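**Q** This structure is in structure tokens; I'll ask about it shortly.
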Amino acid sequence: MPSRLAAALVATLALPAAAWSQPAPRPRTEILERIVAVADERPILLSDLLALRAVRGLEEEQALPALVDERLMYIEAARLPQAEVFAEEEDRALEILVLKRPALRAEVQEPDLRRLLRRQIAILKYVEFRFRPQVRVSDAEVRKAWEEEQAGRPAGPAFEDEQEELRARLERRALDDRIEAWVRELRQRADVRYVGGAPSAPPGAP
């Protein structure tokens with residue numbers, strides 16, 4: 001799983017424009033469904049793995065650990081009433097996704113896309129409810145970060161012109177760190193079994 005988990009969480013709904021400029025996918029074929037892993041007694045299906053690979057452009061050795069992490073996060077998020085996903089939210093997310101990448105309709109069945117989106121929306125809601133309120137960056141931290149960036153560089157924009165953008169960047173980094181710690185905790189206590197053997201760890205995985 002890439003180290004910046006927060007970015008991975010929002011990738012489905014907010015990929016940069018360049019990420020959508022990928023070669024057209026192969027036409028969808030019928031999937032012989034099977035279980036590829038089991039996380040805390042909950043099966044992870046091949047169709048979910050293929051959907052994640054198609055949407056996020058991951059190789060299998062990256063996609064399966066990412067899907068396991070996502071499933072563990074979703075299991076936890078689904079326990080929180082504030083993370084409930086409403087039909088209109090799922091519909092809107094699907095509309096945005098296929099508007100950006102219409103070829104996905106030919107590659108991934110709609111129920112598989114909806115399951116993926118439902119998981120990710122629930123996880124994002126959970127993160128916003130549980131972790132976002134804990135993220136606070138003081139004025140002193142913003143000032144220190146700005147001074148460190150300016151050290152040894154020609155004079156640039158004034159602190160007042162950059163402080164809000166810098167604060168937002170520091171808050172995103174702090175949120176990333178909290179999500180990574182959460183996922184490490186989930187992995188440590190989870191019972192995960194890969195059907196056919198565990199995949200090799202992707203580069204940068206802990």
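The values are calculated or read from the model by the stated rules, or taken from the named source; none is laboratory data. These numbers come from a predicted model, not from an experiment. Cβ: placed from backbone, ideal geometry, glycine included. Neighbour counts: every protein chain shown. Quick note on the areas: whole protein, heavy atoms, side chains included, nothing else; ligands and nucleic acids left out. Shrake-Rupley method; radii C 1.70, N 1.55, O 1.52, S 1.80 Å.
**Q** Which one is farthest from the chain's Cα centre (by Cα) among residues in region 146-158 that are in a helix (DSSP H, G or I) and at pLDDT below 85? So that I can check it myself, show each step before the final result.
**A** Of all residues in region 146-158, those in a helix (DSSP H, G or I) come to 146-150.
With at pLDDT below 85 added as a condition, the list becomes 149-150.
On the way: Glu149: 28, Gln150: 32 Å.
Filtering region 146-158 for residues that are in a helix (DSSP H, G or I) and at pLDDT below 85, the one farthest from the chain's Cα centre (by Cα) comes out as Gln150.
**Q** Evaluate the following for Ala77: is it within 18 Å of the chain's Cα centre (by Cα) and either at pLDDT 95 or above or within 17 Å of Tyr194 (Cα to Cα) (or both)?
**A** Values: within 18 Å of the chain's Cα centre (by Cα): yes; either at pLDDT 95 or above or within 17 Å of Tyr194 (Cα to Cα) (or both): yes.
Yes: the conditions hold for Ala77.
**Q** Quick one: Arg71 ticks every box in (1) basic (Lys, Arg); (2) at pLDDT 95 or above; (3) within 30 Å of Arg167 (Cα to Cα) bar one, so which box is it?
**A** (3)
**Q** Taking interchain pairs and intrachain pairs at least six residues apart, which have beta carbon atoms under 7 angstrom, with the first residue in region 158-178 and within 14 Å of Glu141 (Cβ to Cβ) and the second part of a helix (DSSP H, G or I) and β-branched (Val, Ile, Thr)?
**A** Gln163/Val142; Leu166/Val142; Arg167/Val142; Leu170/Val142
**Q** What number of residues in region 68-94 are touching a residue at least 24 places away in the same chain (Cβ under 8 Å) and over 22 Å from Leu49 (Cα atoms)? Before you say what the answer is, go through the steps one by one.
**A** Keep residues of region 68-94 that are touching a residue at least 24 places away in the same chain (Cβ under 8 Å), which gives 68-78, 80, 82-85, 89-90, 93.
From what's left, over 22 Å from Leu49 (Cα atoms): 80, 82-84, 89.
Total meeting the criteria: 5.
**Q** Something else now. In this structure, is Arg143 of a type in the set (D, E, K, R) and at pLDDT below 95? Give the steps one after another, and end with the answer.
**A** On the way: of a type in the set (D, E, K, R): yes; at pLDDT below 95: yes.
Yes.
**Q** Quick one: which of Leu58, Leu45, Leu50 is farther than 21 Å from Asp191 by Cβ and in contact (Cβ under 8 Å) with a residue 12 or more places away in the chain?
**A** Values: Leu58 fails: in contact (Cβ under 8 Å) with a residue 12 or more places away in the chain; Leu45 fails: farther than 21 Å from Asp191 by Cβ.
Criteria check complete, one pass: Leu50.
**Q** How many residues, within region 127-160, are open to solvent by 50 Å² or more (accessible area, probe 1.4 Å) and of a type outside the set (Gly, Ala, Ser)?
**A** The total comes to 18.
**Q** Then there's this: Confirm whether Lys100 is over 21 Å from Leu50 (Cβ atoms) and either touching a Cys at 6+ places or on another chain (Cβ under 7 Å) or among the charged types (D, E, K, R) (or both). If you could, list the steps in order and put the result at the bottom.
**A** Values: over 21 Å from Leu50 (Cβ atoms): no; either touching a Cys at 6+ places or on another chain (Cβ under 7 Å) or among the charged types (D, E, K, R) (or both): yes.
No.
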